[in-house]
Amino acid sequence: MSIRFDDRVALVTGAGAGLGRAHAKLLASRGAKVVVNDPGGSLDGKGGSNSAADAVVEEIKGAGGVAVANYASVADREGAASIVQTALDSFGRLDIVVNNAGILRDKSFAKMELDDFELVMKVHLLGTVYVTKAAWPHLLEQKYGRIVFTTSGSGLVGSFGQSNYGAAKTAMLGLMNCLKYEGERSNIKINMISPVAATRMTDGIIDVKTFELSKPEHVSPAVAWLSSDDCDLTGEIVVAAAGYFAAVKVMRTEGAVLGVGAPATIEAFAAAKDKIFNFETAKPYFRTLDDKVKQALGII
Ligand code: NAI
């Protein structure tokens, strides 16, 4: 049975180009009413124009879909709230929040100005916070919501020259991990994608062959499924690139119990290093007082 979004209202931030445009178009093609947010502007966040959001709205309407533009910056509290308000004013509700907007200000940490660090944190992390915070009471009240964050391998794994971007992208992981509990009883599912796609953001960064094969449209099915009624997962990270999909988790090794009742020596830690860092038998990390910790505490 086909997955549809009839009677659902979605907002997609940064939907005037690249990945956001592809997400908005896919959701609209399956019946969602979509707020296409984008203030325009350059890759480093300068300037602005209504034309980016307007063009995508026209594309969606031209294909028989329903969409409305919003030109606010997610990095501005009132602007972020206006994106949610546009959904409520235009369509009477909001069900799906795709946080996708982003910019880059790459430089090695040694050369990076703190202003560039703060701006990137503001757009990616606080922009996601502001939009999600404005949507949250409506999702809680209607006891339904689907939220997607956009993280990056640059944060999950790291990347030279992207300390600001990597920090912002991985800070979202902590946000998601906490909100998944706060949304649990209200049927709010909140997940992340870690995409790779040919956009202006990756032009000249990923190799030519990968660039040709990695269209934003290849990522959008994951975003759409995570935004759907069918989505029964929360707190997950999905890697999506060129038709490849996989899940990522924070892992914990089996570890070693080195001292019960008294601190281990530094030498004992050094001797157990290979065991502590043995990821071959690692498992997803859950914050529970499991048997290993109880053993260390001498409870069992
Ligand atoms: P893009 O530059 O084509 O699209 C980003 C969009 O966000 C632009 O249309 C831009 O106008 C908009 N935007 C910028 N600042 C904004 C603000 N303050 N408020 C609202 N909108 C704003 O780049 P792309 O590649 O489509 O990126 C989309 C998201 O995916 C970003 O969050 C990016 O960090 C993330 N990402 C992309 C990857 C890729 O391979 N393309 C890899 C990993 C993450």
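Could you give every pair whose Cβ atoms fall below 8 Å, whose first residue belongs to the stretch 51-63 and is in contact (Cβ under 8 Å) with a residue 40 or more places away in the chain, and whose second residue is away from the ligand (no atom under 14 Å from the Cβ) and outside any helix (DSSP H, G or I), counting only separations of at least 6 or pairs across chains?
Pairs found: Val56/Ala67.
Give the residues of the stretch 208-237 that are farther than 19 Å from Val12 by Cα and within 11 Å of the ligand (Cβ to nearest atom), sorted by residue number.
Thr210, Phe211, Ser214
Taking into account only those residues within the stretch 147-162 that are touching a residue at least 24 places away in the same chain (Cβ under 8 Å) and surrounded by 20 or more Cβ atoms within 10 Å (Cβ to Cβ), which is nearest to Ile205 (Cα to Cα)?
The selected residue is Gln162.
On the basis of being in contact with a Lys or Arg (Cβ under 8 Å, 6 or more places away or on another chain) and within 13 Å of the ligand (Cβ to nearest atom), does Ser159 make the cut?
no
Go through the stretch 52-66 and count every residue that is of a type outside the set (Asp, Glu) and under 11 Å from Ala15 (Cβ atoms).
6
Return the residue satisfying two criteria in turn: it lies in the stretch 184-207 and is away from the ligand (no atom under 14 Å from the Cβ), over 18 Å from Thr150 (Cβ atoms) and of a type outside the set (S, T, N, Q), and of such residues it is surrounded by the most Cβ atoms within 10 Å (Cβ to Cβ).
Glu184
So, Val120, is that one within 15 Å of the ligand (Cβ to nearest atom), more than 20 Å from Ala69 (Cα to Cα) and modelled with pLDDT of 95 or more or not?
Spelling it out, Val120 is indeed within 15 Å of the ligand (Cβ to nearest atom), more than 20 Å from Ala69 (Cα to Cα) and modelled with pLDDT of 95 or more.
Give the residues of the stretch 208-227 that are farther than 17 Å from Thr150 by Cβ and in contact (Cβ under 8 Å) with a residue 24 or more places away in the chain, sorted by residue number.
The answer is Thr210, Leu213.
Per-residue answers, yes or no, for (1) more than 20 Å from the chain's Cα centre (by Cα); (2) at negative phi; (3) not in a helix (DSSP H, G or I):
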{"position": "Gly14", "(1), (2), (3)": "no, no, yes"}
{"position": "Ala72", "(1), (2), (3)": "no, yes, yes"}
{"position": "Leu88", "(1), (2), (3)": "yes, yes, no"}
{"position": "Ala110", "(1), (2), (3)": "yes, yes, yes"}
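Gly40: part of a loop (DSSP other than H, G, I, E, B) and either within 15 Å of the ligand (Cβ to nearest atom) or buried (at least 24 other Cβ atoms within 10 Å of the Cβ) (or both), yes or no?
When the stated conditions are applied, Gly40 passes them.
Counting just the residues of the stretch 16-37 that are within 16 Å of the ligand (Cβ to nearest atom) and in a loop (DSSP other than H, G, I, E, B), which one comes out surrounded by the fewest Cβ atoms within 10 Å (Cβ to Cβ)?
So the residue we want is Ala17.
Which one of these is of a type outside the set (A, V, I, L, M, F, W, C) and modelled with pLDDT of 95 or more: Gly41, Gly65, Gly48?
Answer to the selection: Gly65.
Residue under question is Ala52, and the condition is that it be within 22 Å of Gly161 (Cα to Cα), buried (at least 21 other Cβ atoms within 10 Å of the Cβ) and within 9 Å of the ligand (Cβ to nearest atom); does it hold?
No, not satisfied.
The values are calculated or read from the model by the stated rules, or taken from the named source; none is laboratory data. Keep in mind that what you see is a predicted model, and the values were worked out from it rather than measured. Neighbour counts run over all protein chains shown; Cβ positions are idealised from the backbone, glycine included.
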